[in-house]
Amino acid sequence: MAVVPSSLLLGLLQLIVLKDVASSEAVCGQSVISPRIVGGNPAPEGAWPWQVSFMENNQPICGGSLINEKWVVSAAHCFTKGYEQYDVLLGAYQLSIPPSSLVVTTVQQVISHPNYNGSDGSPGDIALVELNGSLDLNDYILPVCLPDSSAQFSMDTSCWVTGWGQVKDGEALPPPQTLQELEVPLIDRDTCNSLFNSAPAPDLPQNPVLDDMICAGYPEGGKDACHGDSGGPLVCKCDAGWTLAGVVSWGEGCAEPKHPGVYTLVPYYANWISDNVPNISFVACNHAGWHSAPIMTLFLAPLALALP
C-alpha cells in the first residue's frame with residue numbers, strides 16, 4: 001500500500017475545503033446555460049433560473065425573482081387587486097408547454113413597501129412575496145443574488161431583463177410563449193429624466209424618475225419591457241453572480257422613443273428586504289461589468305419586455 005505524505009494530504013484537504021467554501025458562496029445568481037422582451041429574443045432554457053411568473057386564468061400577469069427557497073421579489077403594483085387567485089410558476093420556460101422542471105405553487109403573503117401609493121410612477125414599487133412552502137432548488141430553480149445597500153452599478157454596464165410579457169403594446173407573446181430576454185444598458189437618473197422631459201407625457205410630472213429608481217433601455221426606443229413583465233428581474237453581472245439590480249416597474253407605453261423602461265432600484269431597498277425576510281444574504285457589487293465576471297463566462301444576446 002502506498003503511503004501518502006502528510007503534507008500532500010493536508011494540501012488535498014485544503015483544496016477540498018476551499019472548493020466547498022466556493023460552492024457555498026456561489027448559491028445565488030448562477031446559471032447552467034449561457035443567456036439573451038419588445039425587441040427581445042427567446043432565452044435558452046434554464047438560462048434565468050430565478051425567473052418567476054405570476055399567472056391568472058393561465059395568463060402571465062407579472063414576473064418576479066426568486067431570492068431564496070421561499071421568497072420572491074416583485075413589484076407592489078402587481079398585487080393591488082389581491083393575490084389569492086394567482087398561480088406562481090417556477091422552473092417555467094415555454095408557458096404553453098410545461099417542462100418537467102415546472103413547479104406551481106401559491107402565495108402565502110405579500111409585503112408591499114409602505115411608500116407605494118398605488119399610482120403610476122409611485123416610489124416604493126417593490127413587494128416581497130412569501131410562497132406557500134419551501135422549494136427544492138435545482139438547476140432550473142435557483143435564487144438570484146441580492147445587492148447590498150452600498151451596491152453601485154456602472155452606467156456602462158449592460159444588464160438583462162426577462163419575462164413573458166407582451167411583445168409590443170397590445171400584442172401578447174405568441175405560443176409557445178417562450179421566455180424572452182433583452183440586453184439593456186443602464187441609464188443614469190439625470191439623463192433619463194432629461195429624456196422624459198424632452199418628450200413630456202400628459203400623465204407624468206417633470207423629472208418623474210425618483211431616487212429609488214433606475215432606467216435601462218434605448219433612447220431611440222424599439223426594445224423594452226412591456227405589459228406582463230412588471231415585477232420581473234433586471235440583472236447585472238457581479239463577482240458573486242447575476243445580481244438583481246432592478247424590478248420592472250413602469251414606463252410610458254412600451255419601447256417608445258425617449259421613454260426607456262424604469263425599474264425599482266433594489267439596493268435602495270436592501271435594508272427593508274433584510275428587515276422582512278429571515279436570514280437573507282446580500283452581495284457587494286461596486287464594479288459591475290464584464291471585467292468582473294467569474295471564470296465561467298456567459299455569452300448573452302438581446303431581448304424585450306412589457307408591463308401589466
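Within the range 271-287, how many residues are within 16 Å of Trp242 (Cα to Cα) and either open to solvent by 50 Å² or more (accessible area, probe 1.4 Å) or among the small types (Gly, Ala, Ser) (or both)?
Number of matching residues: 5.
Give me the residue from the range 130-146 that is open to solvent by less than 60 Å² (accessible area, probe 1.4 Å) and assigned to a loop (DSSP other than H, G, I, E, B) and, out of that set, modelled with the lowest pLDDT.
The selected residue is Gly133.
Does the range 188-209 hold any residues that are part of a loop (DSSP other than H, G, I, E, B) and either farther than 20 Å from Gly246 by Cα or at pLDDT 95 or above (or both), and which are they?
Within the range 188-209, Ala199, Pro200, Ala201, Pro202, Asp203, Leu204, Pro205, Gln206, Asn207, Pro208, Val209 meet the criteria.
Taking Cys215, is it in contact with a helix residue (DSSP H, G or I) (Cβ under 6 Å, 6 or more places away or on another chain), in a strand (DSSP E or B) and open to solvent by less than 10 Å² (accessible area, probe 1.4 Å)?
So Cys215 fits the description; yes.
Kindly indicate the residue of the range 227-241 that is at pLDDT 95 or above and over 25 Å from Ala199 (Cα atoms) and also surrounded by the most Cβ atoms within 10 Å (Cβ to Cβ) among those meeting that condition.
Gly232
Are there any pairs, at least 6 apart or on different chains, whose C-beta atoms fall under 7 Å, with the first in the range 171-191 and on the phi > 0 side of the Ramachandran plot and the second open to solvent by less than 20 Å² (accessible area, probe 1.4 Å), and if so, which?
Gln177/Trp164
Which condition number does Leu182 fail, the rest of (1) in a loop (DSSP other than H, G, I, E, B); (2) under 17 Å from the mean Cα position of the chain (by Cα) being met?
(1)
Filter the range 250-264 for residues that are modelled with pLDDT of 90 or more, more than 16 Å from Asp125 (Cα to Cα) and under 19 Å from the mean Cα position of the chain (by Cα) and give the result.
Listed by number, the list holds a single entry, Pro260.
Would you check which residues across the range 181-229 are in contact with a Lys or Arg (Cβ under 8 Å, 6 or more places away or on another chain) and under 30 Å from Asn58 (Cβ atoms) and list them?
Glu181, Leu182, Glu183, Val184, Gly217, Cys226
How many of the residues making up the range 67-95 are at pLDDT 95 or above and at positive phi?
Adding up the residues that qualify gives 1.
Quick one: would you say Val104 is surrounded by 15 or more Cβ atoms within 10 Å (Cβ to Cβ) and among the aliphatic types (A, V, I, L, M)?
Criteria not met by Val104.
Go through the range 107-129 and report how many residues are at pLDDT below 95 and either open to solvent by less than 60 Å² (accessible area, probe 1.4 Å) or under 17 Å from Asp275 (Cβ atoms) (or both).
Of the residues in the range 107-129, 3 are at pLDDT below 95 and either open to solvent by less than 60 Å² (accessible area, probe 1.4 Å) or under 17 Å from Asp275 (Cβ atoms) (or both).
Quick check on this structure: which one of Ser154, Ser149 is in contact with a Pro (Cβ under 6 Å, 6 or more places away or on another chain), open to solvent by 30 Å² or more (accessible area, probe 1.4 Å) and either modelled with pLDDT under 95 or part of a loop (DSSP other than H, G, I, E, B) (or both)?
Ser149
Taking the range 40-76, which residues are more than 26 Å from Asn279 (Cα to Cα), outside any loop (DSSP other than H, G, I, E, B) and either out of contact with any Phe, Trp or Tyr (no Cβ under 7 Å at 6 or more places or on another chain) or of a type in the set (Gly, Ala, Ser) (or both)?
Across the range 40-76, the qualifying residues are Asn41, Pro42, Gln59.
How many residues, within the range 121-158, are within 30 Å of Pro202 (Cα to Cα) and out of contact with any helix residue (DSSP H, G or I) (no Cβ under 7 Å at 6 or more places or on another chain)?
Number of matching residues: 4.
For the range 164-212, which positions are polar (S, T, N, Q), open to solvent by 60 Å² or more (accessible area, probe 1.4 Å) and either touching a Leu at 6+ places or on another chain (Cβ under 9 Å) or within 29 Å of Ser150 (Cα to Cα) (or both)?
Answer for the range 164-212, where residues must be polar (S, T, N, Q), open to solvent by 60 Å² or more (accessible area, probe 1.4 Å) and either touching a Leu at 6+ places or on another chain (Cβ under 9 Å) or within 29 Å of Ser150 (Cα to Cα) (or both): Thr191, Ser194, Gln206, Asn207.
Counting residues that are among the aliphatic types (A, V, I, L, M) and over 14 Å from Pro143 (Cα atoms), which strands (runs of 3 or more DSSP E) fully inside the range 229-269 reach at least 2?
Counting at least 2 such residues, we get 241-250, 261-265.
The values are calculated or read from the model by the stated rules, or taken from the named source; none is laboratory data. It should be emphasised that the depicted structure is a prediction, and the values quoted were computed from it without experimental measurement. Cβ atoms come from the backbone with ideal geometry, glycine included; neighbour counts cover every protein chain shown. Accessible surface areas use protein heavy atoms only, side chains included; no ligands, DNA or RNA. Shrake-Rupley method; radii C 1.70, N 1.55, O 1.52, S 1.80 Å.
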